[in-house]
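One structure is given here, and the rest of the page talks about it.
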Amino acid sequence: MLIRQAENIKSSEITSKEDYLSRRKFLTSSSSTILSLYILHASLLKSGNVYAAEKIENVIKNIDFSSDEELTKYSSIISYNNFAEFGLDKEDPAANSGDFKTKPWTIKVEGECNKPGEYHLEDLISPHQLEERIYRLRCVEAWSMVIPWIGIPLGEVLKQFEPNSNARFVAFTAPYQPDVMPGIGKVAYEFPFVEGLRIDEAMHPLSLLAVGLYGEELLNQNGAPIRLVVPWKYGFKSIKSIVNIRFVQEQPPSTFNKFAANEFGFYANVNPEVKHPRWSQARERRIGHFLKQETLMFNGYADQVASLYSGMDLGKFY
Ligand SMILES: Nc1nc2c(c(=O)[nH]1)N[C@H]1C(S)=C(S)[C@@H](COP(=O)(O)O)O[C@H]1N2
Ligand SMILES: [Mo]
């Protein structure tokens, strides 16, 4: 397994991510090939609360999926979260997810494919090269971040299961563990949290299964041990802590859509022109920035993904 225990977790190194940044710049500028191999060194903490995070090694920086934008601070990414299973306030997921166990982890694969089964996380990941990709994350609540994820392309993992021609959509399910998830029973959503993608969206090279960020394994609040990242869609599509993947013929349910269908569509493509019934989506607040900025069509990924939706009325299929 590529992930190993950190030797050294210090409790006063909030600046370690600055080392990360300078290291990242150096490696990018010194690389002549598209991909440059590097090892990340970082440790982490959050205000006196030392998390048992682990470094991830043998990560390749994929500069085709990068960004020059300023990264959101690590401390913000791990403390300002949406993960309704642990509560609705932004600080709830970090505060309330400590008893959620993510090791060992298996994912059940079902439905329209030749290789269904119960897979250990390690076995799903180890055939693949871990990549760092810097993506914008745009929440439907009109805030955004820039996050250096570590993961593997979703499509490459899905291909291992050999989906058949009936597999028009992929459905994902998060855990249902009321004993360690205080949001379940309190929050009005239906649990377990579920999401889905059309198969061509899932196979798109931008779709990522993330296992880490900023050089470290995902913390529980960010969706440990494995979560989806679909950067051209509103954040709720990027389901955390996946336990089930099912290939299906019909469009699968989406938790936010079941909760309020007129507010949250199945497609949920970031679109500054289609307002949410209660607020505009034309602008967003980048966490850590003072002034709001314009929201871009498909969150700035239009060149890559607009063709997936040619001929579709994006005001109707929101
Ligand atoms: N299982 C699960 N996944 C989820 C959510 C959730 O409530 N439960 N919230 C979503 C929403 S609304 C957003 S904006 C992103 C936030 O990801 P982050 O906290 O890692 O930034 O996770 C998404 N994935
Ligand atoms: Mo969100």
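The values are calculated or read from the model by the stated rules, or taken from the named source; none is laboratory data. Being a predicted model, the structure only gives us computed values, none of them experimental. Reconstructed Cβ throughout: ideal geometry from the backbone, glycine too, with neighbour counts over all protein chains shown. Heavy atoms of the whole protein, side chains included, go into the accessibility calculation; ligands, DNA and RNA do not. Shrake-Rupley method; radii C 1.70, N 1.55, O 1.52, S 1.80 Å.
With θ set to phi - 60°, apply the Karplus curve 6.51 cos²θ - 1.76 cosθ + 1.60 along segment 193-210 and write out the HN-Hα couplings as whole Hz, x wherever there is a Gly or Pro.
Coupling constants for segment 193-210: 5, 10, 8, x, 9, 5, 4, 6, 5, 5, 7, 5, x, 6, 5, 10, 9, 9 Hz.
Roughly speaking, what is the stretch gain from Gln304 to Asn164, that is 0.36 nm per residue apart minus the C-alpha to C-alpha distance, in nm to one decimal? Numbers along the way, then the final one.
Details: separation 140, 0.36 × 140 = 50.40 nm, distance 2.52 nm.
Full extension of this stretch gives 47.9 nm more.
For segment 237-318, which trypsin sites (Lys or Arg not before Pro) pass both filters: DSSP loop (anything but H, G, I, E, B) and at most 10 other C-beta atoms within 10 Å? Before the final figure, lay out each step's value.
On the way: sites: Lys237, Lys240, Arg246, Lys258, Lys275, Arg278, Arg283, Arg285, Arg286, Lys292, Lys316; in loops: Lys240, Lys275, Arg278, Lys292, Lys316.
Within segment 237-318, the qualifying trypsin sites (Lys or Arg not before Pro) (loop, at most 10 other Cβ atoms within 10 Å) are Arg278, Lys316.
Hey, what do the phi angles of segment 262-269 turn into as Karplus ³J(HN,Hα) couplings, whole Hz, using 6.51/-1.76/1.60 and θ = phi - 60°, x for Gly and Pro?
For segment 262-269, the Karplus-derived couplings read 6, 9, 10, x, 5, 6, 6, 6 Hz, x marking Gly and Pro.
Once phi is turned into ³J(HN,Hα) by the Karplus curve 6.51 cos²θ - 1.76 cosθ + 1.60 with θ = phi - 60°, what whole-Hz value does each residue of segment 91-97 show in order, with x for glycine and proline?
Result, rounded to whole Hz: 8, 4, x, 5, 6, 10, 9.
What is the sum of charges, Lys and Arg at +1 and Asp and Glu at -1, for the other residues whose Cβ falls under 13 Å from the Cβ of Glu294? All intermediate terms of the calculation are to be shown ahead of the outcome.
On the way: positive: Arg136, Arg138, Arg283, Arg285, Arg286, Lys292; negative: Glu273, Glu284.
That sum, taken over residues with Cβ under 13 Å, equals +4.
Could you order Ser307, Ser66, Ser126 so the one with the most accessible surface comes first? Probe is 1.4 Å. List each step's numbers first, then the result.
Details: Ser307 90, Ser66 45, Ser126 70 Å².
If we order Ser307, Ser66, Ser126 from most to least accessible, we get Ser307, Ser126, Ser66.
Quote to one decimal, in nm, the extra length available between Asp64 and Glu91 on full extension: 0.36 nm per residue of separation minus the C-alpha distance between them. Each step should come with its number before you reach the end.
Numbers: separation 27, 0.36 × 27 = 9.72 nm, distance 3.30 nm.
Between Asp64 and Glu91, full extension yields an extra 6.4 nm.
Measure of size requested: the Rg and Dmax of segment 122-276, with Cα atoms as the atom set and Å as the unit; please supply both.
Final numbers for Rg and Dmax: 15.1, 42 Å.
Starting from segment 221-302, pick out the chymotrypsin sites (Phe, Trp or Tyr not before Pro) whose DSSP state is loop and whose Cβ has at most 14 other Cβ atoms within 10 Å.
On the way: sites: Trp232, Tyr234, Phe236, Phe247, Phe256, Phe259, Phe264, Phe266, Tyr267, Trp279, Phe290, Phe298, Tyr301; in loops: Trp232, Tyr234, Phe264, Phe266, Tyr267, Phe290, Tyr301.
Passing both the DSSP loop test and the Cβ count: Phe290.
Cα-based Rg of segment 9-309 per 2.2 N^0.38 Å, rounded to two decimals?
On the way: Rg = 18.4 Å, N = 301, 2.2 N^0.38 = 19.2 Å.
Against the empirical 2.2 N^0.38 Å value, I get 0.96 for segment 9-309.
Scan around Gly196 for amide H atoms under 5 Å from its own, H built in the peptide plane at 1.01 Å from N, and keep only partners 5 or more places away or cross-chain.
Here the answer is Phe172, since their amide H atoms fall under 5 Å of that of Gly196.
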